[in-house]
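Enquirer: What follows is a structure written as structure tokens; I'll ask about it next.
The values are calculated or read from the model by the stated rules, or taken from the named source; none is laboratory data. As the structure is a prediction and not an experimental result, all values here were calculated from the model. Methodologically, a virtual Cβ is constructed for each residue, glycine included, from the backbone with ideal geometry; neighbour enumeration extends over all protein chains shown. The protein model used for the area step is the full one, side chains on, heavy atoms only, and it has no ligands, DNA or RNA in it. Shrake-Rupley method; radii C 1.70, N 1.55, O 1.52, S 1.80 Å.
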Amino acid sequence: MHSSKRVLEMVFSEISRNVVKYSGGLPLALEVIGSYLFDREVLEWICALEKLKRIPNDQVHKKLKISYDGLNDDTEKDIFLDIACFFIGMDRTDVIHILNGCGLFAEIGISVLVERSLVTVDDKNKLGMHDLLRDMGREIIREKSPKEPEERSRLWFHEDVLDVLSEHTVRTLYTCFKFLI
């Protein structure tokens, strides 16, 4: 009995370390995730952690979304979402060039995101973002069309991209073929 309790403590300890790692030690995230996991079984913790990695806990999302909602305009929000989906780890100068090509005024937009601690720029000029902020940004996009990825403004999971391109190609071929008959 004593050894099974010790094993259980070790399992909870390991999962707890993963939760801390996932939250990046962010106190707000730890508080919300901790209250979400409180009084749950080990299997529930494991399942919840996997779920949190894929779709953020609604309370964490809502609390973190306050900073996103506080951005000045849609341009800054678009830049945030683009970085969350595509540009983490990329050179800031390259990203500015790409986003300016889309008319997003990226120099000032990224500066605002850095000032608001939504994005970081490391000593090698690479863009970074806390995992929970990245997930929140992706969830903002996903929640607009949870069941239909082809309706989303951005795709980042390769499975979704493949499905959308395959479906679109099939629909296009069917439509073209239908006109030929």
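Enquirer: Got a number for carbon plus sulfur as a percent of the chain's accessible area, 1.4 Å probe?
Expert: Percent of accessible area from carbon and sulfur atoms in the chain: 58.
Enquirer: Sequence neighbours fewer than 8 away in the same chain don't count; with that in mind, list the lysines whose C-alpha is under 25 Å from Lys147.
Expert: List returned: Lys51, Lys53, Lys62, Lys63, Lys65, Lys77.
Enquirer: Could I ask something else about it? Using a ≥ b ≥ c from the Cα gyration tensor of the stretch 61-110 (square roots of the eigenvalues), is it rounded, prolate or oblate, where a/c under 1.5 gives rounded and otherwise the larger of a/b and b/c decides, a/b for prolate?
Expert: oblate
Enquirer: Related question: Using the 2.2 N^0.38 Å rule of thumb for compact globular proteins, work out how the chain stacks up: its C-alpha Rg over that value, please.
Expert: Dividing the Cα Rg of the chain by 2.2 N^0.38 Å gives 1.28.
Enquirer: Only Cα pairs under 8 Å and at least 6 apart count here; give the relative contact order of the chain as a rounded whole percent.
Expert: RCO, the chain: 19 percent.
Enquirer: Helix-only estimate, please: 222 nm mean residue ellipticity of the chain, summing -39500 (n - 2.57) across DSSP H runs of length 4 or more and dividing by its residues, to the nearest 500.
Expert: Result for the chain, helices only: -21500 deg cm²/dmol.
Enquirer: Please give the length that would be gained between Glu143 and Asp73 if that part of the chain were fully extended, namely 0.36 nm times their separation in residues minus their C-alpha to C-alpha distance (nm, one decimal).
Expert: 23.2 nm
Enquirer: Going by average Cβ density within 10 Å per residue, which order do the peptides 92-98, 147-153 take, highest to lowest?
Expert: The densest-packed peptide leads the list: 92-98, 147-153.
Enquirer: Collect residues whose amide H, placed 1.01 Å from N in the peptide plane, falls under 5 Å from the amide H of Val119; neighbours closer than 5 in sequence don't count.
Expert: Placed amide hydrogens put Val114 under 5 Å from Val119.
Enquirer: Another question, if that's okay. What ranking do 42-49, 120-127 get when scored by the average of other Cβ atoms within 10 Å per residue, highest first?
Expert: With the highest mean Cβ count within 10 Å placed first, the list reads 42-49, 120-127.
Enquirer: Here is a follow-up. Compute the long axis of helix 106-115 from its Cα atoms, compare it with the longest principal axis of the Cα atoms of the chain, and write down the angle in degrees, 0 to 90, nearest 10.
Expert: So the helix axis and the longest Cα principal axis differ by about 10 degrees.
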